[in-house]
Amino acid sequence: MADDQILKLIGIRIRDLRKERGLSQEQLGEKADFHFSYIGGIERAEKNISILNLAKIAAALEVHIGELFVYIKSHHNVHSEKEAELEEILQILLEQDIKGLRKAKTILKELYE
């Protein structure tokens, strides 16, 4: 994958997550401690963002940094809707400790086996 394609995908993903949360570029910039023009530059793939700055943006968006590398449009068809639901479930599970994960696994097995 070309470098500029990676920047475009990350920029699109950040924009999509920002819009899903109803944030403007200025609001996201304030939350992440960046100027809104920097956020715009990232979203337009004009900035080569560092890992540390990606972590700040992920925290401001209240997602795990790995979510910035999941290039899924969460609308348009049933498959994407299913993926969006799975993403939400995964986010809940990622916030759990091992005891919580085991409890979730037990519940799922009871429901679906």
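Part of a loop (DSSP other than H, G, I, E, B) and on the phi > 0 side of the Ramachandran plot - does that describe any residue in segment 21-40?
Yes, the conditions are met somewhere in segment 21-40.
Among the residues of segment 96-113 satisfying the criterion of being outside any helix (DSSP H, G or I) and either modelled with pLDDT of 90 or more or exposed (fewer than 12 other Cβ atoms within 10 Å of the Cβ) (or both), which is farthest from the chain's Cα centre (by Cα)?
Looking at residues that are outside any helix (DSSP H, G or I) and either modelled with pLDDT of 90 or more or exposed (fewer than 12 other Cβ atoms within 10 Å of the Cβ) (or both), I get Glu113.
Only one residue in Asn48, Asn53 is of a type in the set (S, T, N, Q) and outside any helix (DSSP H, G or I), so which one is that?
Going through Asn48, Asn53 in turn, just one is of a type in the set (S, T, N, Q) and outside any helix (DSSP H, G or I): Asn48.
If a residue has to be crowded, with 18+ Cβ neighbours inside 10 Å, farther than 17 Å from Glu67 by Cα and in contact with a Lys or Arg (Cβ under 8 Å, 6 or more places away or on another chain) to count, how many in segment 24-37 make the cut?
2
With among the acidic types (Asp, Glu), in contact (Cβ under 8 Å) with a residue 12 or more places away in the chain and within 20 Å of Leu90 (Cβ to Cβ) as the only criterion, which of Asp33, Asp4, Asp16 stands out?
Among Asp33, Asp4, Asp16, only Asp16 is among the acidic types (Asp, Glu), in contact (Cβ under 8 Å) with a residue 12 or more places away in the chain and within 20 Å of Leu90 (Cβ to Cβ).
Give me the residue from segment 82-95 that is surrounded by 12 or more Cβ atoms within 10 Å (Cβ to Cβ) and of a type in the set (D, E, K, R) and, out of that set, modelled with the highest pLDDT.
Glu87
For the structure I just gave you, tell me whether Glu20 is of a type outside the set (A, V, I, L, M, F, W, C), surrounded by 18 or more Cβ atoms within 10 Å (Cβ to Cβ) and within 14 Å of the chain's Cα centre (by Cα).
In short, no.
The values are calculated or read from the model by the stated rules, or taken from the named source; none is laboratory data. The model shown is predicted, which means the values in this text are computed figures rather than measured ones. Please note: Cβ atoms are built from the backbone with ideal geometry, for glycine as well, and neighbour counts cover all protein chains shown.
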